[in-house]
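Shown next, in structure tokens, is the structure this report addresses.
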Amino acid sequence: MSDLVRLQQRFSAWSPRIPQSPWYLFKGMESVKSPCRQFLLQGLARRHCSTASEAVGRLSSYTGGSVNLELDSSSGIATITLDNPEKHNAMSGTMMVDLANIVHELEQWKDGKGVVLRGNNDAFCSGADLQLVKGIMNKDGGRDMCTLMQDTLSRLYTLPLVSVALVDGVALGGGAEMTTSCDYRLVTKDATIGFVQVKMGVMTGWGGGTRLVQLTGRTAALDLLTTGKVLSWREALSIGLANGMVQATDSSALDQAMEWLDHRTFGETAVVRAAKKIVVAASRDIYASLAVEKDAFCDVWSGPAHVNAMQKKPKHK
Ligand SMILES: CC[C@H](C(=O)O)C(=O)SCCNC(=O)CCNC(=O)[C@H](O)C(C)(C)COP(=O)(O)OP(=O)(O)OC[C@H]1O[C@@H](n2cnc3c(N)ncnc32)[C@H](O)[C@@H]1OP(=O)(O)O
């Protein structure tokens, strides 16, 4: 059975609970009483929502690059590598599906303690592949991508593993959002992080806006989202978006990130995982905000500002 079919079946198994709704919104919410859950149910009832399984099927026709996973069973540390170097590791549709499958695999990995998310070559990730963006410039297309990526990155964020994004080179648009799906961000001197969505006539939709507020506080987050400013490594550190610096910009950057992670994963596996579970439980109210972020994103996706921006050849330096 292919990974794709497995993923589709997994999502389908959840979706009948509330037809036509993204399952993750409800997965962690059985214990959450009204009004938060009520709010979500009403919101979803008002709007058409594609399921993650439908989204997977449609996005899979946009190919290119890959996302790869390495598991080190002796250290309990996994490495996820975004690999599409000709496009600064932009995320194609198939890469989005790869990442969803990888997160699923990590959810089953009971011996894991930590995970590093990085990009191949000299970039972290330049966001969604613009070829994919052009292909899905319609309301359903935006909701497909948003549903799958919110689902995947929410699950990455809540894995019982200590996670770190190693940012070497650009992290733009969806790439910046992906850095926020880790517990920590380590930067090299070549790192730049930009929530450039406003310059593309859209907004965050992969959950990065919600997580950015949690990480930097509302004023700094609003500033970044409304200006589209591209931060240097120094600026990212100064506002608390980045948590540490890695000196190397070659392959030893990964070793340095591993060493940094080692200080946070030296405990027994069960103890490290317990720490992460507590931190995740303390931030459960994120789900209501994610639903709002999805609707806000879908409201502007493929609208006049988005169409205008996509007609130019955007470059965010
Ligand atoms: C929620 C998702 C979100 C949204 O839709 O709202 C997004 O993520 S949209 C994508 C946001 N990202 C961008 O708009 C990136 C635009 N590109 C750039 O700013 C620059 O290319 C940069 C800074 C990444 C690199 O600049 P540099 O001068 O170093 O290199 P090149 O521009 O020559 O890039 C090489 C090659 O890569 C292609 N490229 C870069 N990023 C993307 C991308 N996201 N999708 C597709 N292709 C990308 C670039 O066009 C060049 O290709 P070439 O054929 O050589 O022109």
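What follows is calculated from the coordinates using simple rules that are stated; it is not laboratory data. Just so we're clear, the structure is a prediction, and the values are computed from it rather than from any experiment. Counting neighbours? That spans all protein chains shown, and the Cβs are built from the backbone with ideal geometry, glycine included.
Seen through its C-alpha gyration tensor, with square-root eigenvalues sorted a ≥ b ≥ c, segment 250-311 comes out oblate because a/c lies at 1.5 or above while a/b is not bigger than b/c.
Around Val162, what is the net charge, scoring Lys/Arg as +1 and Asp/Glu as -1 over all other residues with Cβ under 12 Å from its Cβ? Write down the numbers at each step before the final one.
On the way: positive: Lys113, Arg264, Arg273, Lys276, Lys277; negative: Asp183, Asp262.
Result for the local shell: +3.
Taking a Cβ cut-off of under 13 Å around Val213, the surrounding Lys, Arg, Asp and Glu residues balance to a net charge of -2, with basic ones at +1 and acidic ones at -1. Oblate is the label for segment 76-118, because a/c, from the alpha-carbon gyration tensor with a ≥ b ≥ c as root eigenvalues, is 1.5 or above and a/b does not exceed b/c.
For every other residue with a beta carbon closer than 12 angstrom to the beta carbon of Met96, add +1 if it is Lys or Arg and -1 if Asp or Glu, then tell me the sum. Summing Lys/Arg as +1 and Asp/Glu as -1 gives -3. Each part gets one Cα centre, and for segment 220-295 versus segment 129-156 those centres are 22 Å apart.
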